């Protein structure tokens, strides 16, 4: 695949707008020049097998970053992070799935920047909805997880409701652009921050689908529309507990720790509802494979395993009561 220079020109236009909105000023040129070196290195890195030139570019970028960016105003680091998030999500434009500069240098740098920069709610929403505004998400990129980490570091997941609701929906829409089974990681990271009073968000989850119609997300959508408790608060709390316990079903037999967690579910969820949910998972073969890639959905596999174990525990408990 040839690098799409049109995309790069459009990105630079969006970056200029971002500079204006974030009031960065003339120092933006430091990052702009850094990005130009990065782009050229990525273009060439996709073509040559010898890594020496890639390493040279990495050293060049690192020197500029440590000398001119890291000790400057934090807004400059935030601007660099924004642009790297966008290019990282569009790495295929440079003609290969992986490039040394991206994997060996850029990804660790993104992690460093996430740990050091902070966003206001308005700036974060501007980043997602105006600058990144992804029409798709690279299947092997963890963009949503990175965005959640930024939000957590900036204490945005516990802010006032209107801001939090907008943030959650924006991140969930990024996940929906991709939605493979490993994207459940980002989805699960958000759930603990959704409060029982967040009625709009809970209602949103009942109609939430991802573009791939991936099995695990369809399964969770079914669960959010399945009534466990008539009390809305208890209902949502129970569903969060089920996701947490069922997604940890690993190995050929349930571990003592998993059994303890499962017993906690039986103490807070009506047995008939728990069994009904387990039966539903076991009998729904349509969730097992992603129709887009034919990847086996490991999340659904774990949930089905958990459902079988849970049914066995319910049956054994019922038998024990009858005997006694």
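The values are calculated or read from the model by the stated rules, or taken from the named source; none is laboratory data. If you're wondering where the values come from, they're calculated on a predicted model, not measured in any experiment. FYI the Cβ positions are ideal-geometry reconstructions off the backbone, even for glycines, and counts take in every protein chain you see.
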Pick from the stretch 138-148 the residues that are outside any helix (DSSP H, G or I) and either in the same structural domain as residue 51 (by TED's automatic domain parsing) or farther than 19 Å from residue 8 by Cβ (or both): which of them is modelled with the highest pLDDT?
-> 142
Of the listed residues (110, 106), the one being within 27 Å of residue 20 (Cβ to Cβ) and at pLDDT 95 or above is 110
Of all residues in the stretch 192-208, which are surrounded by fewer than 15 Cβ atoms within 10 Å (Cβ to Cβ) and under 14 Å from residue 151 (Cβ atoms)?
-> 192
Would you check which residues across the stretch 19-36 are exposed (fewer than 14 other Cβ atoms within 10 Å of the Cβ), touching a residue at least 12 places away in the same chain (Cβ under 8 Å) and more than 23 Å from residue 125 (Cα to Cα) and list them?
-> 33
Helices (runs of 4 or more DSSP H) contained in the stretch 190-254 and holding at least 1 residues touching a residue at least 40 places away in the same chain (Cβ under 8 Å) | 215-224, 232-246
Quick one: would you say residue 151 is closer than 27 Å to residue 80 by Cβ and surrounded by fewer than 19 Cβ atoms within 10 Å (Cβ to Cβ)?
-> no
Does residue 101 satisfy the criteria of being out of contact with any strand residue (DSSP E or B) (no Cβ under 8 Å at 6 or more places or on another chain), under 30 Å from residue 51 (Cβ atoms), modelled with pLDDT of 90 or more and buried (at least 16 other Cβ atoms within 10 Å of the Cβ)?
-> no
Identify, from the list 29, 62, the residue that is at pLDDT 90 or above, in contact with a helix residue (DSSP H, G or I) (Cβ under 8 Å, 6 or more places away or on another chain) and assigned to a helix (DSSP H, G or I).
-> 62
When the stretch 112-127 is checked residue by residue, the ones that are closer than 12 Å to residue 77 by Cα and part of a helix (DSSP H, G or I) are 112, 113, 114, 115, 116
Complete set of residues in the stretch 156-191 that are within 19 Å of residue 114 (Cα to Cα), under 17 Å from the mean Cα position of the chain (by Cα) and surrounded by fewer than 17 Cβ atoms within 10 Å (Cβ to Cβ) = 185
